[in-house]
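The values are calculated or read from the model by the stated rules, or taken from the named source; none is laboratory data. Source: prediction; values computed, not measured. Methodologically, a virtual Cβ is constructed for each residue, glycine included, from the backbone with ideal geometry; neighbour enumeration extends over all protein chains shown. For the accessible areas, the whole protein counts, side chains as well, though only heavy atoms, and no ligand, DNA or RNA atoms are used. Shrake-Rupley method; radii C 1.70, N 1.55, O 1.52, S 1.80 Å.
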Amino acid sequence: MSGTPRADGLDLTTLRALRRPRPNLTAIKERIEEHLDNHDGYLAFSGGKDSLVALHLTTAVEPNIPVVFFDSGLEYPQTYEYIADLADAWNLNLEVHRADPPLLTALADSGEWDHHLPTRATTRALRDILIGAPSRAAHQTHGPGEIWGVRADESAKGTGRWSMYYNALSSRVTEECTDCCTTAAQQRQTHGGALDRADGTHVFGPVWNWSSEDIWTHIAAHDLPVNPVYDKLRRLGTPEQHLRISHILDGAFLERGRITRLRRGWPALFEELARVLPRIREFV
């Protein structure tokens, strides 16, 4: 036999695809179907790996689910192209809900990014501008349900998203699980990942207890198209645990080299932003 030897067995993506998947996909899809039957709603898609897997699982159950992208106005250029291309390739029922005001305007108006301007008090938190208001609009149109790709282990155990999910799981087990589950694993599979908000909306995270490795394994096994920003950030030296697809800048995680990588990877964009937000130069 002649030809160039293949190195597939040493390729990380190939190896991931060969691994036996850990999550029970059949049970997860049943949970998705139950959630949509009970609450209707939409799927929130950021263009990141976790919401990509949530999208893949959900469209297998309901291909026409509204897929809502909350556009901050300050996403990576490749993210906009990626979402548009994916919507065409997968025939997604895509909706774009834009932040009002756009994130860059909100940051500039705050005065916190320019030493020559006074800091101005704002009556609205960035979270409400970026997530709260767009999600309220989406719920008004599509109902109280939401599916997202948020994972518990994005936060340290006992904090943040981990606590959010596991506190909700504990409450549901207490209220709903009357000898239906015999193990903690069954409780997580049957009752985990569901959140009931005070405003009457209901969220289900189909990948809530997946690890990052579970996510990449699923992507490799199903040959899902990944946002090219991931590869660019890796080439710029981003540690795996800091690989996140989000808006370019919001003031968070600046100590992790976020602005330095922006300057190295998107120099023209960095210079344009620095004209509006001069203080970003202090973080490179």
* How much length is gained if the chain between residue 26 and residue 256 is pulled fully straight, taking 0.36 nm per residue apart and subtracting their Cα-Cα distance, in nm to one decimal? -> 79.0 nm
* Structure fact -> Quick numbers on the range 130-250, Rg and Dmax over C-alpha atoms in Å, give 16.8, 51
* **Set of lysines with alpha-carbon distance to residue 29 below 24 Å, sequence-local pairs under 8 removed** => 49
* For n ≥ 4 DSSP H runs only, could you compute -39500 (n - 2.57) per run for the chain, divide by its residues and tell me the 222 nm figure to the nearest 500? => -13500 deg cm²/dmol
* To do: Run the 1.4 Å probe and let me know the accessible area of residue 46, rounded to the nearest 10 Å².
  => 50
* **Within the accessible area of the chain (1.4 Å probe), percent carbon and sulfur** => 50
* Expressed in whole Å with the largest first, what are the equivalent ellipsoid semi-axes of the chain derived from the C-alpha gyration tensor as the square root of 5 times each eigenvalue? -> 32, 27, 18
* Highest to lowest packing among 217-229, 267-279, scored as the average C-beta count within 10 Å -> 217-229, 267-279
* To do: With a 1.4 Å probe and all protein chains in place, put 128, 199, 71 in order of accessible area, largest first.
  => 199, 128, 71
* Structure fact -> Residues meeting the amide H criterion for residue 111 (H placed from the backbone, H to H distance under 5 Å, 5 or more places apart or on another chain) are 120
* **Projected label distance in nm at residue 171 and residue 37, using a 7 Å step from Cα toward the beta-carbon** => 2.4
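Sorted by accessible area with a 1.4 angstrom probe, largest first, how do 61, 203 fall? It would help to have the intermediate numbers written out before the result.
Details: 61 45, 203 0 Å².
Result, largest first: 61, 203.
Given R₀ = 35 Å, FRET efficiency for residue 116-residue 197 by Cβ-Cβ distance, to 0.05? Let's see the in-between values first.
Numbers: r = 41 Å, r/R0 = 1.17.
With a Förster radius of 35 Å, E is 0.30.
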* Which of the aspartates and glutamates could a cross-linker bridge to residue 157, judged by Cα under 20 Å and excluding same-chain residues fewer than eight apart? -> 50, 213, 214, 240
* **Under-5 Å amide H pairs with residue 42, H placed in peptide plane, nonlocal only** => 145, 146, 147
* **Residues with amide H under 5 Å from that of residue 277, placed H, sequence gap 5 or more** => none
* residue 29 accessible area, nearest 10 Å², 1.4 Å probe? -> 80
* Between the range 102-118 and the range 43-57, the Cα center-to-center distance that results, in Å -> 31
* Structure fact -> With label points set 7 Å from each Cα along the Cα-to-Cβ direction at residue 213 and residue 281, the distance between them in nm comes to 4.5
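Where only protein heavy atoms count, and the probe is 1.4 Å, what is the accessible area per residue for the chain in Å²? Could you put the intermediate results ahead of the total?
Numbers: 15260 Å² over 284 residues.
Dividing the accessible area of the chain by its residue count gives 54 Å².
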